Amino acid sequence: MPLLKSLSKKPSASKSAFRLKGGLFPLTLLEISHYERADFEQQLTNKAAEAPIFFNQTPVVLSFEEFDGDISTLPLGELVNICKAQGLLPVALRNSNTELQTQAKHIDLAIMPVGRVKPSKDVTEAEPETAPPENTSVAEKNEDTDEPNAARSAEARSEFSHSPTKTVTTPIRSGQQVYAPGGDLIIMASVSAGAEVLADGNIHIYGALRGRALAGVRGDTSARIFCQSLEAELVSIAGNFKVDEDLRKDHWKSAVQASLDEHTLCITPLV
Amino acid sequence: MAKIIVVTSGKGGVGKTTTSAAISSGIAMRGHKTVVIDFDIGLRNLDIIMNCERRVVYDFVNVINGEANLRQALIKDKRAENLYILPASQTRDKDALTVEGVERILNELAADGFEYIICDSPAGIEHGAFMAMYFADMAIVVANPEVSSVRDSDRILGILQSKSRRAERGERVEECLLLTRYNPERVAKGEMLGVTDVEEILATKLLGVIPESETVLKASNQGIPVIHDIESPAGQAYSDAVGRLLGEEVEHRFMSVEQKGLFKRLFRRSA
């Protein structure tokens, strides 16, 4: 589940000690369907044994969308401690119950708005028996990349990759906006200054990019942007962006691709 | 079948009305029955440039409202045979134009045997400009060699290809660029955008380049479309543009700095 956060302090020689930046990060939801201390602890321990690398200070959002029982009497502090003991770091609560929200404030959990989308089954699901088949493959990928984020972005990727590609053959003029929901965007002309192109997947521009290009707008960190001449106002992947003045420094007006490396937007020449 | 050509730009003061007057006169002088319509309701200027200001009795809005018929409103040009002017109303506002009304008049003009209908658009992207471009088969986008004018032209091209009747039917409006107030010396000094820069940004066919010339202002003030001044570079450039518009192959002129030898300079001075 992609989640917008603003953080990042960048120690540098400049006068200001930090700057606030928008970032989109995939976060795992821990969807809890029922709670009974011993049972929950046991199931979580079993899950942690299956994918030890994933359970390593991994931030999760506690969600009770499908909770069965009286939620206002739930011992939230106890639940959080069990999670922490197994290497999960609950960072936020997603529930509209005021009693639960008060508890969350006491133990320094952020409160997230309740989502409209039905939460998907996750790696961290409480009942391993009902886990979808992708679970194992995600856990495997997880182990050989040694990087929890990779597993989550691979999962996010599979959500988008079957959608059709949108192809545009005419120039995208100033003031126009083109969005390819759920897939890639191919533009066989230039994107003018003041125009905006967006895609859930990759963006390919067979011409000059003079406007704004935003790939992976729903949080796909593996999305890329390709263009024949970089003259952009803004380039963004999964919420990590660079503006004109940063882009001018390198490879300006040359053929490049933009990709994400650990939340840093990298511009590399295509040839 | 009448061909409807809109002269538009987005930005004001770039030479739309001057161009409408010159192009319509040029087409008519080559033997085609032509009408030029002023869509700038409330700020009518075309009649001044065409020197028929005192001959206006009924106008475009009167015809739309059925207060007069086309024959009463059309003014026959005194210089070019085959040319008629349909003036704008000075007292109404642009909301007086309706899609149905404009369509009815365009159909009547076509039925009357007019081969070319030139629509002189007001500046901006509001209702008046929209009405002028909606029925167009072709657009002449007038731009000055400066960044803001080029940006606005880009915007207009985008609107044209997405909101016009042809766009709604999935067809394209034929588009071409007319660069006015061009000064090759200032381009050489780097003070003005060059033809190639503008062509590259707008990625559209170049209809012509009209050099900056005092004769344009003089012609406007005298009410003689500049195309009648066959001595002036601006008049010749418009004449070339009309040729290209009608499908002739005419080489572009007035785009580079004239090499003035000593002899030529002396000759110029005495001439």
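The values are calculated or read from the model by the stated rules, or taken from the named source; none is laboratory data. This structure is a prediction, so every number in the text was calculated from the model and none was measured. All Cβ positions, even for glycine, are placed from backbone atoms using ideal geometry, and neighbour counts span all protein chains on display.
Taking residues in the stretch A:184-195 that are more than 12 Å from chain B (Cβ to nearest Cβ), and partners anywhere that are part of a strand (DSSP E or B) and of a type in the set (S, T, N, Q), the pairs with Cβ atoms closer than 7 Å and at least 6 places apart or on different chains are A:Ile186/A:Thr167.
Surrounded by 18 or more Cβ atoms within 10 Å (Cβ to Cβ) and under 19 Å from B:Val56 (Cβ atoms): which single residue out of B:Ile140, B:Ile85 fits that description? I'd like the intermediate steps shown before the answer.
Working: B:Ile140 fails: under 19 Å from B:Val56 (Cβ atoms).
Just a single option satisfies the conditions, and that option is B:Ile85.
The sole residue among B:Lys163, B:Lys189 that is out of contact with any Gly (no Cβ under 7 Å at 6 or more places or on another chain), more than 14 Å from chain A (Cβ to nearest Cβ) and surrounded by fewer than 20 Cβ atoms within 10 Å (Cβ to Cβ) is B:Lys189.
Which residues, counting only those in the stretch A:103-134, are β-branched (Val, Ile, Thr), modelled with pLDDT of 50 or more and outside any loop (DSSP other than H, G, I, E, B)?
Step one: of the stretch A:103-134, the residues β-branched (Val, Ile, Thr) are A:107, A:111, A:114, A:117, A:123-124, A:130.
Now narrow it down to the ones that are modelled with pLDDT of 50 or more: A:107, A:111, A:114.
Across the stretch A:103-134, the qualifying residue is only A:Ile111.
Scanning the stretch B:106-157 for residues that are in a helix (DSSP H, G or I), touching a residue at least 60 places away in the same chain (Cβ under 8 Å) and of a type in the set (Val, Ile, Thr) yields one hit, B:Ile156.
Residues that are surrounded by 17 or more Cβ atoms within 10 Å (Cβ to Cβ) and of a type in the set (Gly, Ala, Ser) number at least 1 in the following helices (runs of 4 or more DSSP H) confined to the stretch B:1-80: B:16-29, B:70-73. Residues of the stretch A:1-17 that are at pLDDT below 85 and exposed (fewer than 13 other Cβ atoms within 10 Å of the Cβ): A:Leu4, A:Ser6, A:Leu7, A:Lys9, A:Lys10, A:Pro11, A:Ser12, A:Ala13, A:Ser14, A:Lys15, A:Ser16. Scanning the stretch B:192-217 for residues that are of a type in the set (Gly, Ala, Ser) and more than 14 Å from chain A (Cβ to nearest Cβ) gives B:Gly194, B:Gly208, B:Ser213. Residues in the stretch B:197-253 that are among the β-branched types (Val, Ile, Thr), over 22 Å from B:Lys3 (Cα atoms) and not in a strand (DSSP E or B): 7 in all.
Listed conditions (1) within 24 Å of A:Ala238 (Cα to Cα); (2) hydrophobic (A, V, I, L, M, F, W, C); (3) in contact with an Asp or Glu (Cβ under 7 Å, 6 or more places away or on another chain) are all met by A:Ile82, apart from (1). Kindly establish whether A:Lys253 is among the basic types (Lys, Arg), touching a residue at least 24 places away in the same chain (Cβ under 8 Å), within 14 Å of another protein chain (Cβ to nearest Cβ) and in contact with a strand residue (DSSP E or B) (Cβ under 8 Å, 6 or more places away or on another chain). Considered against the rule, which asks whether it is among the basic types (Lys, Arg), touching a residue at least 24 places away in the same chain (Cβ under 8 Å), within 14 Å of another protein chain (Cβ to nearest Cβ) and in contact with a strand residue (DSSP E or B) (Cβ under 8 Å, 6 or more places away or on another chain), A:Lys253 comes out as yes.
Could you pull out every one of the strands (runs of 3 or more DSSP E) wholly within the stretch A:18-102 that has 3 or more residues that are of a type in the set (Val, Ile, Thr), within 30 Å of A:Thr264 (Cβ to Cβ) and touching a strand residue (DSSP E or B) at 6+ places or on another chain (Cβ under 7 Å)? Give the steps one after another, and end with the answer.
Details: elements: A:21-26, A:28-31, A:58-63, A:88-94.
Fully inside the stretch A:18-102 and qualifying: A:58-63.
The requirement of being of a type in the set (A, V, I, L, M, F, W, C), within 13 Å of chain B (Cβ to nearest Cβ) and closer than 14 Å to B:Ile201 by Cα is satisfied by A:Ala208. As a summary of the residue check, B:Ala143 satisfies the conditions (1) more than 16 Å from the chain's Cα centre (by Cα); (2) within 14 Å of chain A (Cβ to nearest Cβ) except for the one numbered (1). Taken together, the residues in the stretch B:134-159 that are farther than 17 Å from A:Gly175 by Cα and aliphatic (A, V, I, L, M) amount to 6.
Here A:Gln228 passes the criteria (1) within 14 Å of chain B (Cβ to nearest Cβ); (2) at pLDDT 95 or above; (3) closer than 20 Å to B:Arg151 by Cα except the one numbered (3). In the set B:Glu249, B:Glu212, which member is touching a strand residue (DSSP E or B) at 6+ places or on another chain (Cβ under 6 Å) and either free of Cβ contacts under 8 Å to residues at least 12 places away in the same chain or more than 26 Å from B:Glu81 (Cα to Cα) (or both)? Sole residue among the options that is touching a strand residue (DSSP E or B) at 6+ places or on another chain (Cβ under 6 Å) and either free of Cβ contacts under 8 Å to residues at least 12 places away in the same chain or more than 26 Å from B:Glu81 (Cα to Cα) (or both): B:Glu212.
Restricting the stretch B:166-181 to residues that are without any contact (Cβ under 8 Å) to a residue 12 or more places away in the chain and not in a helix (DSSP H, G or I), which is nearest to the other protein chains (Cβ to nearest Cβ)?
B:Arg172
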